[in-house]
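First comes the structure, then the notes that go with it.
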Amino acid sequence: MSELSFAELGLDPAVLEAVSAIGYETPTPIQAQCIPALIAGKHLLGVAQTGTGKTAAFALPLLSRIDASVSEPQILVLAPTRELAIQVAEAFTSYASKFRHFHVLPIYGGQDFYPQIKGLKRGAQVIVGTPGRMLDHLRKGTLKLGNLKALVLDEADEMLRMGFIDDVEAILAKTPENCQRALFSATMPPQIKKVAQTYLRDAVEVKIESETRTVERISQYVLPVYAERKLDALTRILEVEPIEGAIIFVRTKAETTLLAEKLGARGHAVAPLNGDLNQRQREQTVEDLKRGKKDIIVATDVAARGLDVPRITHVINYDVPYDTEAYIHRVGRTGRAGREGKAILLVTPRERSWLRTLERATNSPMMPYELPSPVELKKMREEQFETQLMGFAEDKKLAKSMALLDEIAERNEMDIAMVAGALACWMEAMQPGSLPLEQPEALPVVSATPPPRRDRKGGRPGEFRKGPPKGGYKGRSKPGGSGTRGKPPGKGGKPAGKRPPRQSDAKR
Ligand code: AMP
């Protein structure tokens, strides 16, 4: 992570306020490099992929340079897919949330023209869209670029791969001469270089370099999962992994607290670790992890810098890191003091390209993480329940309890198994989820390989997202979380006994 703070980057106060409300702690490396160049009005060529924080790297400075009170298109972003256009529009909406009367309009193929034309007539400062539809509007005269201050080509290599490059060039040719331009691409094929040479002369080039470093003694796993099922996946990982201590990495301070609360409610001894805590509180949290008062810490990169706790057996990357440096630092929090460590990365379909990047950077392969099947999981829960039950077989109150239940059984002419069953049901009523009666649901599987080619107008298969409200966004939007079942309680509220390693683990 960067040493600079957002406040030092020269952003508009309203943009800065929005960033702080979202909870970003520090600029990511790509942001630290791009923001000053774009604030200075320079063209920019960025080699970066999704997950580096590249959207904010261009959105924050460009929003800081426009006149928010003028309701005409001032920033135009071209994206290869409808999904990315919506995602970028959502990001812009949240970064511009402190501006008044501000509109961000996503425009893409496959949607009716009418709401788009209505949105354009009403006026929007930022337009984000796919090239084909954008060109349609330019040709119809429904989109006018006379006041355009900046143009961004996002995922330029993807636009090339999907055959959009001619449309992109046609749009570029229609933008005002003095318009600022930024191009982001994960790779730089010759055609993209050519576009850059023609339209982004003297651009500042930003590339996040990273050395290859081996991560010894750490086995790396990856679990592809839909964004909205991440919490379910994490809950299962924590249930089945033989964890002594774990650190879970998320992106924002707010997320550390939120996730820690959710895991706490599921019976884990967990604490957040973020930059909002003062030095003493941070030290206390780390001390609690060292001494076993806490087993899990949910942290941001900044807060976990240099953390050295030998009990950490697992690093879980709940959110992908911003760059390979951050990843290497994260996984290095385990495998300390000569021990073995396990790192598990959750990736959403959009972030799958990270896998190869991280494998290259660490010079070691990522193994697919296998969650247990519902049948395996139910069996495991039954075994755990049995272990817990047997733990009370020598309890000093056992004799008296047996006498009491015998009497009840006799009085009511019941089998003793029936009385035990009723007692178990009572326990379940008191603490739902403590009896392993139901088979857990299977989590939907996401393939680890990149998705097939997309068609020109449609979305990316295998990725589902709700469309935006008609006529664009106003105000912030946030996806909701999802719930999972609770953990069976053990003595002292902590789960008793971890599962023995599964066969598939032993093989790895
Ligand atoms: P992107 O690479 O633009 O797709 O961004 C990936 C994710 O990183 C998004 O969920 C952003 O909200 C998040 N993000 C961007 N910048 C920061 C930051 N400075 N701190 C924390 N999270 C960030």
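The values are calculated or read from the model by the stated rules, or taken from the named source; none is laboratory data. All of these numbers come straight from a predicted model, not from anything done at the bench. FYI the Cβ positions are ideal-geometry reconstructions off the backbone, even for glycines, and counts take in every protein chain you see. To get the accessible areas, we keep the full protein, side chains included, count just its heavy atoms, and leave off ligands, DNA and RNA. Shrake-Rupley method; radii C 1.70, N 1.55, O 1.52, S 1.80 Å.
Values as computed for the structure displayed
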read-out: Pair list, Cβ < 7 Å and 6+ apart or interchain, from region 111-133 residues that are touching a residue at least 12 places away in the same chain (Cβ under 8 Å) and over 16 Å from residue 154 (Cα atoms) to residues that are β-branched (Val, Ile, Thr) and assigned to a strand (DSSP E or B); value: 116/107; 124/104; 125/75
read-out: Filter result (at positive phi and either within 15 Å of the ligand (Cβ to nearest atom) or open to solvent by less than 10 Å² (accessible area, probe 1.4 Å) (or both)) within region 37-46; value: none
read-out: Evaluation of residue 181 against (1) touching a residue at least 24 places away in the same chain (Cβ under 8 Å); (2) open to solvent by 40 Å² or more (accessible area, probe 1.4 Å); (3) of a type in the set (Lys, Arg) (one fails), failing number; value: (2)
read-out: Yes/no for residue 195 being open to solvent by less than 30 Å² (accessible area, probe 1.4 Å), closer than 27 Å to residue 350 by Cα and free of Cβ contacts under 8 Å to residues at least 60 places away in the same chain; value: yes
read-out: The one condition in (1) in contact with a Pro (Cβ under 9 Å, 6 or more places away or on another chain); (2) part of a loop (DSSP other than H, G, I, E, B); (3) open to solvent by 10 Å² or more (accessible area, probe 1.4 Å) that residue 124 fails to fulfil; value: (3)
read-out: Test set (1) part of a helix (DSSP H, G or I); (2) without any contact (Cβ under 8 Å) to a residue 40 or more places away in the chain; (3) farther than 20 Å from residue 119 by Cα - residue 91 fails condition number; value: (3)
read-out: Hits in region 398-427 - residues which are small (Gly, Ala, Ser) and either within 23 Å of residue 438 (Cα to Cα) or under 51 Å from the mean Cα position of the chain (by Cα) (or both); value: 401, 417, 420, 421, 422, 424
read-out: Only listed residue being more than 12 Å from the ligand (Cβ to nearest atom), in contact with a helix residue (DSSP H, G or I) (Cβ under 9 Å, 6 or more places away or on another chain) and open to solvent by 10 Å² or more (accessible area, probe 1.4 Å), chosen from 33, 49; value: 33
read-out: Only listed residue being in contact with a Gly (Cβ under 9 Å, 6 or more places away or on another chain), within 16 Å of the ligand (Cβ to nearest atom) and open to solvent by 20 Å² or more (accessible area, probe 1.4 Å), chosen from 71, 97; value: 97
read-out: Residue pairs meeting the criteria (Cβ under 8 Å; at least 6 apart or on separate chains; first touching a residue at least 24 places away in the same chain (Cβ under 8 Å), in region 379-398; second assigned to a helix (DSSP H, G or I) and of a type in the set (A, V, I, L, M, F, W, C)); value: 380/240
read-out: Test set (1) open to solvent by less than 20 Å² (accessible area, probe 1.4 Å); (2) more than 15 Å from the ligand (Cβ to nearest atom) - residue 77 fails condition number; value: (2)
read-out: Every residue from region 156-173 that is surrounded by fewer than 17 Cβ atoms within 10 Å (Cβ to Cβ) and in a helix (DSSP H, G or I); value: 161, 166, 169, 170, 173
read-out: Residues being part of a helix (DSSP H, G or I) and basic (Lys, Arg) - total across region 386-431; value: 2
read-out: Hey, residue 26 over 24 Å from residue 166 (Cα atoms) and either assigned to a strand (DSSP E or B) or within 13 Å of the ligand (Cβ to nearest atom) (or both) or not; value: yes
read-out: Any pair with Cβ under 7 angstrom, 6 or more apart, that starts in region 354-368 at a residue that is more than 18 Å from residue 318 (Cα to Cα) and in a loop (DSSP other than H, G, I, E, B) and ends at one that is open to solvent by 90 Å² or more (accessible area, probe 1.4 Å) and hydrophobic (A, V, I, L, M, F, W, C); value: none
read-out: Those residues of region 390-409 which are under 26 Å from residue 440 (Cα atoms) and open to solvent by less than 90 Å² (accessible area, probe 1.4 Å), in sequence order; value: 391
read-out: Hits in region 337-382 (condition: acidic (Asp, Glu) and either within 19 Å of residue 218 (Cα to Cα) or open to solvent by less than 50 Å² (accessible area, probe 1.4 Å) (or both)); value: 340, 351, 359, 370
read-out: Subset of region 253-268 (residues that are open to solvent by 20 Å² or more (accessible area, probe 1.4 Å) and under 24 Å from residue 329 (Cα atoms)); value: 253, 254, 255, 257, 258
